[in-house]
Structures are given as structure tokens and as C-alpha cells.
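This report concerns only the one structure given below.
The values are calculated or read from the model by the stated rules, or taken from the named source; none is laboratory data. Everything quoted here is computed from the prediction, not taken from an experiment. Cβ placement follows ideal geometry from the backbone for every residue including glycine, while neighbour counts extend to all protein chains displayed. Remember, those area values only see protein heavy atoms, side chains included, never the ligands or the DNA or RNA. Shrake-Rupley method; radii C 1.70, N 1.55, O 1.52, S 1.80 Å.
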Amino acid sequence: MNKGIITKVAGPLVIADGMRDANMFDVVRVSSQRLIGEIIEMHGEKASIQVYEETSGLGPGETVESTGAPLSVELGPGLIGAIYDGIQRPLNEIMKVAGTNLKRGIDVPSLDHSKVWHFTPVVKKGDSVKAGDVLGTVQETNAVLHKIMVPNKLSGTVESIAEGDFTIDDAVAVINDGSKNTDVKMYTTWPVRVGRPYKRKLSPDILLTTGQRPIDTLFPLAKGGVAAVPGPFGSGKTVVQHQLAKWASADIIVYIGCGERGNEMTDVLNEFPELKDPRTGNSLMERTVLIANTSDMPVAAREASIYTGITIAEYFRDMGYTVALMADSTSRWAEALREMSGRLEEMPGEEGYPAYLGSRLAQFYERAGRVIVNGSGETEGALSVIGAVSPPGGDISEPVSQATLRIVKVFWGLDANLAYKRHFPAINWLTSYSLYTDQLKDWYAENAAPDFMELRSRLMALLQDESELQEIVNLVGMDALSAPDRLKLESARSIREDYLHQNAFDPTDTYTSLKKQVLMMRAILDYYDKALDALNKGADIELLVNLPVRERIGRFKYEAEDKINSEAEQIEAQLESEIDDVLKRSDD
């Protein structure tokens, strides 16, 4: 092993001399305490190392030892339900070993190497296999069937295949590549900075349904897509991410708490096991991997947590699963990049962030996608990435938000004013956008309603008109508006309060199927069309605005899914009857 000597310590940055045989991104052990670090810069024999643990007490003259391997994660049975820190150390196991008095340099294996799993083969002796093919399965939890795959760059003939109970260190298969036999275990390791390979990327033209009306209807996210959720403190980022974790049409959830405050991360760790998975009725942790990295941990570990999380997510994508990754928040990672860049004395970019901020963010987000995975068949997997951004004071003109917006295709802008008015989710419909809308047109027509995009366009048009009319109202009052404009305002208010406002804590309103979303949109637009027609026939605007059916339209979101068809028909009949009554009274 290559050993060097520390010459300088500056916070999480350590400079070591005599590292001539080390390589960029090698993992090193620092000092006699064996702190974990990673080489991020080489100048001749001098290595700049970012240390993932507290460096207080370190000084020049202590040794640094290179492992000769890049920062890697262990991938195999035991990932689901685990809670890791930024460098994939299991926090529950660390607590068993160290108690509450956590020492530096503690080394605990990422996966449990003594636990026995039941392996069921799906290939037989003599079969020809290649990298990515499934050799067998392990029922990891009730919700997840873990597929054991042929490791990358290995192909050949199955010489032997086992069945029964094994630890992850036992060989469950032997593959002959023509020249030698290779044992295949139930786990593998993978360097976190290298994206896992796949055959080809597919177009993002399938909706990742979330059951959240503002998202599914107005600003949809495709499977394999990337989205950003910027918003100031208290605007509901965490609840949005919890809702997506719970209701999105994803098989596996990877949640990265990247440098969030300790109390917020504690809430996540307490709440996630309590969340009920709507698919199985069991704990959501049965298909979740949590990576907890709080703001009081050394900043360098934030970068590791981002890469660790997305590598685990890619691993499950390669099994053919749909994976949703939540990163909360990428702003803290960017702050860590800024600090390390300053300590490396690099030329700063805007607001002190490094000039390569945009490319680092892009490297992360570009690992998302809907793909045909490696292997003999045409298996499809998808990895969608939702990154929360915490701009100081909610100002999205700052560099991290702007760099993120240049990369992502969906922007759910959370608005402090909406949050202050208790309108949740506080997604601002005038500033948010989705660039997947055109690609999803055909999917909506087939799976939701042929006229879905037309209904959506009309909703957006009414909301746009409302914002213009609201300026007039603020200047000269409601009385200055014509009757058709007033009707527009009332209909837009119905869209805002009855459709876009969604209660995450109401058992019925927390999730809305696409079918129900279509019926709700039609009810609101039906009211607008019929009232406008009645207005043109001389009906009184006051009577039209105060129709009793409007309250029923507003309560439609609390209807159970099995009653929505009959309720929609009753609303339509009641609307017809009340409009007729208003026209009769106008004629009289």
C-alpha cells in the first residue's frame, strides 16, 4: 500500500506528501485513527484529500495510507430498509458497535455478511449468460424481489448454480468465460462516481404518476425524468417529497438527506418507518433506502452521499425496477463544493461557488433516465431524480438554482406567499413548468382521456387570465369588471381552491387518480361553459356565481374513488337544472 505523510490540515482538507503511486479518487485512511478520505487532486507526489470525518486533532507528520481503490458501495441483499450515512456505513449497526458515543474511524461493513438469504435460481447449468442477466432471486422484503445479476463485463456458460440459504459471501454460481471459472456472489461493489452501464436510453414518454393534482395535471414528470423543487424555508418541500415517495408509481424509493438540519433528518428517520405503503399496507421502509447526512457532519460527506444514493438507485434500475430518488437538498452539496474549492484555493466563480458547479450538478442529474438495461432481453428500468433546492431567502436567481434549472426538465417552484395563505402544495402555477408535456400527449390520450391536454390547456388559460384580471381588481376593485370577466375570476378561484389545493393529510384527498382528475377538471370547466352561455342569454351574474352546485364541485375531491362516476353524473344533472332555473328567473 502507498503511504504518505500529512503536511497540512485545513478543516476537511488534508494535504499529504509522498503519494506517488496513488490515483485520483482513491480512498485513503488518514492517521492512526483510520479516518476515511478520498483524493480529489494530485500535484506530483502531493495529494489533496477530502476527509469524510471530523479532522480536529490531526496534525502534520501523521501517515496517510491509500487503499488503491475508488470510493465504492456494496450492492446486494440487505440494502432495502437500511439507513446509511454518506459513505454507506449502516447507522443502526454503528450504534450497536459504538453505542451513543460515536468514535471516529469506525469501520462497519455496509451489508450484513453473516445474515442468511434464500437464493432461488432462474437459470440452470449449461445456460449461456452475459452481464446483466438475472441468475436468481432473493425475497428481500414483502415488496421487493432482489435479483442477483451477472456482474459487469462477465459472460459465459453457467458451470454450476446453487439453491438454498446462503450469506452474501457464498458463491451461488460459477460462470466459465471460456478461459477460467469465476465465482459469483450475491453482492458486488461499484465505484460511486461511475454510472452503471445500460444498453440504450429511451424517450421519456411515460408519466410517473404521483396522485398529486398540480403535478400530474399541470407540471408532469416522466419516468426517468429529472425535476427540481426549489423553495424557501417552510414552503413544504419535505411534504412534497414525502408525498412523492409514498404515492409515485415507483417500485423503489431512495431518499438522500444531503446536509439537511439534524432535526429535519431526524423527522424523516422517524416518519418514514411510520408511513404506510399504499401498495402493501406495510411500512414504506420495505421498499426504501435512506441515506442520512446532516449539516453537522463534515461537508465532504455531502458529496459522497449524493453519489452513494444514485449508485444504489442505478443498481435497482438495472433489475428492471422503476426507482425514484429524492435528494434533499442539492444546495447543501453545492455549499460543500464551495467550501472545498475555497480550501483548495481555486479561482471562485459566481458568489464564491466553483466554476465547475454546473457540470458537477449535470453529472449527477444525467444519471437519471428510462433505459433498456444490460442483459439478454429487452428489460426496461427507470430512474427518476427529484432534487430539492434551498435557495437563501427563496431567491432562485442564485447560482445553484440557476445551474439546476439549466439541467432539469421540470420546475416545481414553491411559493412562500402561497404557503403563507395555507395553499399546499405551494407550487406556483405561473412560474412552474414541465418540458415533458409534449412528449406525454399520446400517453395522456391513451391512459387518462383523449381530451386531457385540451382540459389542461383550458385550466392554464383561465389561471393566466385570472392573474391579469387580479391586477385590475387590485387597482380599481371588483365592480370595474364585466360579467364575463367576473365569471372567469370565479372559475379560476374554483381551480385554485378546489383543484390545485390538495390536503396531504386527508385520507381521501392525499391521492387522486388520473380518472378522478379528469372528472374534476370537466366539472369545473362545465360550470364555466354553461354559466358563460347562460350569461350570454341574459342570466344574472350574481345568481350564477352563487349556484349551490359550486359547493358540491368543491367537495368532489373528498369523494371516494369508487363513487366518482355517480357523483360526476349527479353534479352534471344538478348543474343543468340550476342553470335552467337561473335562465327562467332571468326571463321572468
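Annotations
Residue-wise test of (1) closer than 20 Å to Trp190 by Cβ; (2) in contact with a helix residue (DSSP H, G or I) (Cβ under 9 Å, 6 or more places away or on another chain).
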position: Thr7; (1), (2): no, no
position: Gly11; (1), (2): no, yes
position: Val14; (1), (2): no, no
position: Asp26; (1), (2): yes, no
position: Lys46; (1), (2): no, no
position: Glu53; (1), (2): no, yes
position: Ser56; (1), (2): no, no
position: Leu71; (1), (2): yes, yes
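- Within the stretch 83-103, the only residue that satisfies the criterion of being in contact (Cβ under 8 Å) with a residue 12 or more places away in the chain and either among the hydroxyl-bearing types (Ser, Thr, Tyr) or open to solvent by 80 Å² or more (accessible area, probe 1.4 Å) (or both) is Tyr84.
- Some residue of the stretch 165-186 being in contact (Cβ under 8 Å) with a residue 40 or more places away in the chain and either assigned to a helix (DSSP H, G or I) or closer than 23 Å to Ser331 by Cβ (or both): no
- Exactly one residue among Met326, Met319, Met347 is among the aliphatic types (A, V, I, L, M) and touching a Phe, Trp or Tyr at 6+ places or on another chain (Cβ under 7 Å), and that residue is Met326.
- Extreme residue, nearest to Glu366 (Cα to Cα), among residues of the stretch 387-442 that are touching a strand residue (DSSP E or B) at 6+ places or on another chain (Cβ under 8 Å) and open to solvent by 50 Å² or more (accessible area, probe 1.4 Å): Lys409
- Within the stretch 63-82, the presence of a residue that is over 30 Å from Met149 (Cα atoms), open to solvent by 50 Å² or more (accessible area, probe 1.4 Å) and not in a strand (DSSP E or B) is excluded.
- Pairs meeting the criteria (first residue in the stretch 121-136 and more than 11 Å from Pro151 (Cβ to Cβ), second residue not in a strand (DSSP E or B), beta carbons under 6 Å, at least 6 apart or on different chains) are Pro121/Glu163; Val134/Val122; Gly136/Val122.
- For the stretch 284-296, the count of residues that are surrounded by fewer than 22 Cβ atoms within 10 Å (Cβ to Cβ), modelled with pLDDT under 90 and on the phi > 0 side of the Ramachandran plot is zero.
- When Ser401, Ser397 are screened for being among the polar types (S, T, N, Q), at pLDDT below 95 and assigned to a loop (DSSP other than H, G, I, E, B), only Ser397 passes.
- A search for C-beta distances below 7 Å between a residue of the stretch 483-510 that is farther than 15 Å from Arg422 by Cα and of a type in the set (Val, Ile, Thr) and any residue that is open to solvent by less than 50 Å² (accessible area, probe 1.4 Å) and assigned to a helix (DSSP H, G or I), counting only pairs 6+ apart in sequence or on different chains, returns Ile495/Leu459; Ile495/Leu462; Ile495/Leu463; Ile495/Ile524.
- Counted residues, the stretch 104-149 - those being open to solvent by 30 Å² or more (accessible area, probe 1.4 Å), of a type in the set (A, V, I, L, M) and over 30 Å from Lys199 (Cβ atoms): 1
- Scanning the stretch 233-266 for residues that are farther than 28 Å from Arg422 by Cβ, open to solvent by 10 Å² or more (accessible area, probe 1.4 Å) and among the β-branched types (Val, Ile, Thr) returns no hits.
- Check on Glu351, more than 18 Å from Ser432 (Cα to Cα), open to solvent by 60 Å² or more (accessible area, probe 1.4 Å) and modelled with pLDDT of 95 or more: no
Residues are listed down the side, and each one gets a yes or a no for (1) more than 15 Å from the chain's Cα centre (by Cα); (2) β-branched (Val, Ile, Thr):
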position	(1), (2)
Arg287	no, no
Ala300	yes, no
Ile310	no, yes
Tyr315	yes, no
Gly320	yes, no
Ala336	yes, no
Arg343	yes, no
Tyr353	yes, no
Ile396	yes, yes
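- Annotation for the stretch 347-364: at least one member residue is in contact with a helix residue (DSSP H, G or I) (Cβ under 9 Å, 6 or more places away or on another chain), under 21 Å from Ile306 (Cα atoms) and among the charged types (D, E, K, R).
- Inter-residue pairs, beta-carbon under 8 Å, first among the charged types (D, E, K, R) and in the stretch 575-588, second in a helix (DSSP H, G or I), 6+ apart: Glu576/Lys530; Glu578/Val549; Arg585/Leu543
- Beta carbons closer than 6 Å, at least 6 apart along the sequence or on distinct chains, pair a first residue in the stretch 300-321 that is open to solvent by 10 Å² or more (accessible area, probe 1.4 Å) with a second that is in a helix (DSSP H, G or I) and basic (Lys, Arg) for Arg302/Arg332.
- Test: residue in the stretch 207-222 that is on the phi < 0 side of the Ramachandran plot, touching a Gly at 6+ places or on another chain (Cβ under 9 Å) and open to solvent by 10 Å² or more (accessible area, probe 1.4 Å): no
- Residue list for the stretch 24-46, filter: on the phi > 0 side of the Ramachandran plot and either within 29 Å of the chain's Cα centre (by Cα) or open to solvent by less than 20 Å² (accessible area, probe 1.4 Å) (or both): Phe25, Ser31
- Among the candidates Leu475, Leu500, residue that is closer than 16 Å to Leu430 by Cα and either among the hydrophobic types (A, V, I, L, M, F, W, C) or within 24 Å of the chain's Cα centre (by Cα) (or both): Leu500
- Count of the stretch 427-446 residues, restricted to those that are of a type outside the set (Ser, Thr, Tyr) and touching a Lys or Arg at 6+ places or on another chain (Cβ under 9 Å), is 2.
- Total residues in the stretch 267-280, condition open to solvent by less than 30 Å² (accessible area, probe 1.4 Å) and either in a helix (DSSP H, G or I) or among the aliphatic types (A, V, I, L, M) (or both): 2
- The condition (being without any contact (Cβ under 8 Å) to a residue 60 or more places away in the chain and crowded, with 20+ Cβ neighbours inside 10 Å) is satisfied by just one residue among Leu383, Leu361: Leu361.
- When restricted to residues that are over 12 Å from Thr157 (Cα atoms), open to solvent by less than 60 Å² (accessible area, probe 1.4 Å) and out of contact with any Leu (no Cβ under 7 Å at 6 or more places or on another chain), the stretch 173-190 contains 1.
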